[in-house]
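The values are calculated or read from the model by the stated rules, or taken from the named source; none is laboratory data. Only a predicted model underlies this, so the values are computations on that prediction, with no experimental measurement involved. Cβ coordinates were reconstructed from backbone atoms using ideal geometry, including for glycine residues, and neighbour counts include every protein chain displayed. With ligands, DNA and RNA removed, areas are computed over all heavy atoms of the protein, side chains included. Shrake-Rupley method; radii C 1.70, N 1.55, O 1.52, S 1.80 Å.
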Amino acid sequence: MTTTVYTSSDDSAPQLSGTAGSLIAVLDACLVTGYGAKAAIGWTKPFTGTNIAAFRQPVGTSNGMYLRVDDSTTGSPSSAQVRAYETMSAVSVGTGEFPLVGQAANVYWVRSADATATVRPWVLVGNERGFYLWTTVTTDTSAYTNSRLYYFAEISPLNPSDVWGTVLYGDSAAQSTNGSHYSIVPQSYARNPTVTTYRYAARPFGGIGGSVGINLVDYSFFNSASTPLPYGNDTSLSSCMQYPNGPDTGLYLAPAHTVEISAPNSLRGPLRGLWAPLHGRPLANGDTFSGTGTLAGRTFIALSLYAQSTSGQVFIETSNTW
């Protein structure tokens, strides 16, 4: 399958702003129609409404789940509401909903800190198995203090029979700051996680039951159980693994493994395409690099963002190796 990187700076790229419908325009162009010289990643848009759309992963090369995006809301901050389904028969009718309303009344993807038409930079990396959407919801493109990472992506399952590990992440509120953005924040080392942070999979690994919370494993050298920090955090560089690494001048990264929040807690497998640097924000935003050793043949892009009001960074795999 082909992994493609789309950016707001591409020729003919749609623009994201506080205007209702602008997020669907970006998703439609990247997932379904393509734009300029870039082909789409092969999803479909089977159901639509006024600034509402349901996108579906390709059947046969993925779990075939649906992402519903209600991009009709206005206000400041400007946001869309998202929810996922195993099956859908209309733009507002589906089964196998995740998260359930009882788990999260609303899940938000913020378009902009305000409702104006001011365009916001974005990057989307994806393929048939999922995508990651990075955006800065304000004009801050230096420190990225209000940047976000949203995703709808599959777990690479430890058990091949696990076909329910499509994960949706979104914010708990339509917010202009990152105080409760948890996209890359592991919860309390994830050794005994009890709190999900707006990451949900369609079902538990065995397929029995519905929507289940998902957390991330913590690889950092400086987190504490009481204050989990995002991947690639550089708040306390004296406690980080140095970059480049002293003995071999290496850049080290680890897969973003997931833990299922159900008794007993279970390691489910890594999120496809998402990697955690073992250093404190080692690269500049947008930097690209190629893997070596066991990661030879893979390429990556570094994306800087803030999560839980703290700086962080992740690497997204850009090669066809998800």
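Percent of Cα-Cα pairs more than 19 Å apart in the stretch 66-211, please.
Result: 55 percent of Cα pairs exceed 19 Å.
Which value in nm describes the separation of the simple spin-label points at residue 59 and residue 72, placed 7 Å from the Cα toward the beta carbon?
If labels sit at residue 59 and residue 72, their model points lie 2.7 nm apart.
Taking a ≥ b ≥ c as the square roots of the Cα gyration tensor eigenvalues, with a/c under 1.5 meaning rounded and otherwise prolate when a/b beats b/c, else oblate, which class fits the stretch 1-158?
oblate
Work out the length of the dipole vector of the chain about its Cα centre, built from +1 on the beta-carbon of each Lys and Arg and -1 on the beta-carbon of each Asp and Glu, and round it to the nearest 20 debye.
Magnitude of the dipole: close to 300 debye.
Under the classification rounded if a/c is under 1.5, otherwise prolate if a/b is larger than b/c and oblate if not, where does the stretch 31-72 fall, given a ≥ b ≥ c as square roots of the Cα gyration tensor eigenvalues?
Judged from the Cα gyration tensor, the stretch 31-72 comes out oblate (a/c at least 1.5, b/c at or above a/b).
Once Lys and Arg get +1 and Asp and Glu get -1 on their Cβ, which of 41, 275, 213 lies farthest toward the positive end of the dipole of the chain?
213
At a threshold of 8 angstrom on Cα-Cα distance, excluding pairs fewer than six apart, so keeping six or more, what relative contact order does the chain reach in percent?
Result for the chain is 14 percent.
With every protein chain kept in place and ligands, DNA and RNA left out, what is the accessible area per residue of the chain? Probe 1.4 Å, answer in Å².
The answer is 37 Å² per residue.
With all protein chains present, how much of the accessible area of the chain (probe radius 1.4 Å) comes from carbon and sulfur, to the nearest whole percent?
Exposed carbon and sulfur together represent 53 percent of the surface.
Roughly speaking, what % of Cα-Cα pairs in the chain are separated by over 37 Å, rounded to a whole number?
In whole percent, the share of Cα-Cα pairs in the chain beyond 37 Å is 9.
Please work out how much length the chain gains when fully extended from residue 87 to residue 37, using 0.36 nm per residue of separation minus the C-alpha to C-alpha distance, in nm with one decimal.
Contour length minus the Cα-Cα distance gives 14.8 nm.
Considering the convex hull of the alpha carbon atoms of the stretch 3-80, report its projected area averaged over all viewing directions, in nm², one decimal.
Dividing the Cα hull surface by four gives the mean projection, 5.4 nm².
Taking amide H positions as placed in the peptide plane 1.01 Å from N, state which residues far from residue 181 in sequence (5 or more) or on other chains have amide H under 5 Å from it.
Amide H to amide H, under 5 Å and 5 or more residues apart or across chains, residue 181 pairs with 308, 309.
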